[in-house]
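Novice: One structure follows; several queries about it will come next.
The values are calculated or read from the model by the stated rules, or taken from the named source; none is laboratory data. Values in this document were obtained by computation on a predicted structure and should not be read as measured data. Heads up: the accessible areas ignore ligands, DNA and RNA and are worked out on the full protein's heavy atoms, side chains in. Shrake-Rupley method; radii C 1.70, N 1.55, O 1.52, S 1.80 Å.
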Amino acid sequence: VMLVVILMVATFSTSVSADLAQNTPDGATAMLYCVDENGNTLATYYYWGTSWTSFTETAPSITGYTPEKSSIKITHGLVFTKEYTLKYTRNSYKLTIYYKYANGSTAATTHTSTVKYGDYYSISSPSINGYSPSNYSVYGTMRASDKTATVTYTAKTYTVTVNYQYANGKTAAASQSKSGVNGTSY
């Protein structure tokens, strides 16, 4: 009877060791999965220690995300690796776009919005008659901080040409041209 028990324990121990070797690095006794709100794994942490000992782990910092709680209690497994999951929420950041004339005065109402970390944004610059924006749109992927941009409007240059002609269409005098920015008198 003793021989049967020893063989069962030896067989069980061998299969557990093989399982640990396949699923965890160097036989970790606890694993922490950090996942986003969709269940996607953001990071995995491995812990080694004496069976059934516990400790409190501060929630790992993950750029652009906030953990659902600030810490988690982890207990090392006796035979199998114990697994823990900590959920994280994507942060939102403020996007601010200022619209200014070249002299610094306000050209259009400031755009403000919130964008989640990792999301793409594209904001078209307002059209202002007689002026060209430095960027026709502000776009990018939101990083882990507030984003501020300034679009500068410069006056378009126009040319006025006066042609002098007789009633029969022949040239009466040389043409004259004058160039200037929007709003320039001539």
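Novice: Out of all Cα-Cα pairs in the range 85-186, roughly what percent, to the nearest whole number, are more than 20 Å apart?
Specialist: 58 percent
Novice: How high is the relative contact order of the chain, in percent, counting Cα pairs under 8 Å that sit 6 or more residues apart?
Specialist: 15 percent
Novice: Of all accessible surface on the range 40-106 at a 1.4 Å probe, what whole percent is carbon and sulfur?
Specialist: Carbon-and-sulfur percentage of accessible area, whole number: 49.
Novice: Amide H to amide H, which residues 5 or more places from ASN182 or on other chains are under 5 Å from it, using H placed in the peptide plane?
Specialist: LYS156, TYR158
Novice: How much length, in nm to one decimal, is gained on full extension between SER185 and TYR164, taken as 0.36 nm per residue of separation minus their Cα-Cα distance?
Specialist: 5.5 nm
Novice: Roughly what angle does helix 2-23 make with the longest principal axis of the chain, taking Cα atoms, 0 to 90 degrees, to the nearest 10?
Specialist: 10 degrees
Novice: What do you get when you divide the Cα radius of gyration of the chain by 2.2 N^0.38 Å, with N the number of residues?
Specialist: The reported ratio for this selection is 2.14.
Novice: Still on this model: Go ahead and set up a Gaussian network model of the chain, Cα springs under 10 Å, then flag whichever of LYS87, LYS73, LYS100 fluctuates most.
Specialist: Result: LYS73 has the largest fluctuation of those listed.
Novice: So how do ASP119, ASP36 rank on accessible area, 1.4 Å probe, biggest first, that is with the largest at the start?
Specialist: ASP119, ASP36
Novice: Can you give the accessible area of VAL181 in Å² (nearest 10), computed on protein heavy atoms with a 1.4 Å probe?
Specialist: Around 70 Å² of this residue is reachable by solvent.
Novice: Using a 1.4 angstrom probe with every protein chain in place, what is the largest-first accessible-area order of TYR98, TYR139, TYR121?
Specialist: The most accessible residue leads, giving TYR139, TYR98, TYR121.
Novice: Follow-up. Taking the solvent-accessible surface of protein heavy atoms with a 1.4 Å probe, what is the per residue accessible area of the range 42-179 in Å²?
Specialist: 64 Å²
Novice: Taking the alpha-carbon centroid of each part, what is the distance from the range 24-58 to the range 100-149 in angstrom?
Specialist: Here the two parts' Cα centres lie 42 Å apart.
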